[in-house]
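Each remark here refers to the structure printed beneath this line.
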């Protein structure tokens, strides 16, 4: 049986000491999870997208519709080729089979 891989795509929050408030990152991050019987298992794979990749992802997933944190199935995700290759490489390195 194939493993279902979910991606948590999000903007990272950080505290800005100067402005004394929480700020969101300019680029997106992608955390990878294995989905099994209603629960997510974090695979400890985190991909940081550059600004060009973030812009491409945002064209497919507008902030008005998806917000700044969402899940998407890896097989149906609209992602830049370089990001997909990186996720596949890291899944293989982690020993995840059936993807």
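General remarks:
- Within segment 35-64, the only residue that satisfies the criterion of being assigned to a helix (DSSP H, G or I) and in contact with a helix residue (DSSP H, G or I) (Cβ under 7 Å, 6 or more places away or on another chain) is 53.
- Some residue of segment 75-97 being surrounded by 14 or more Cβ atoms within 10 Å (Cβ to Cβ), assigned to a strand (DSSP E or B) and touching a strand residue (DSSP E or B) at 6+ places or on another chain (Cβ under 8 Å): no
- Residues being touching a residue at least 40 places away in the same chain (Cβ under 8 Å) and out of contact with any strand residue (DSSP E or B) (no Cβ under 7 Å at 6 or more places or on another chain) - total across segment 1-37: 2
- Taken over segment 35-49, the residue count meeting the criterion of being buried (at least 19 other Cβ atoms within 10 Å of the Cβ) and farther than 21 Å from residue 12 by Cβ is 0.
- Where residue 32 falls short, out of the listed (1) surrounded by 14 or more Cβ atoms within 10 Å (Cβ to Cβ); (2) modelled with pLDDT under 90: (2)
- Being buried (at least 17 other Cβ atoms within 10 Å of the Cβ), at pLDDT 95 or above and part of a strand (DSSP E or B) is not true of residue 72.
The values are calculated or read from the model by the stated rules, or taken from the named source; none is laboratory data. Just so it is clear, the model here is predicted, and its values are computed rather than measured. Please note: Cβ atoms are built from the backbone with ideal geometry, for glycine as well, and neighbour counts cover all protein chains shown.
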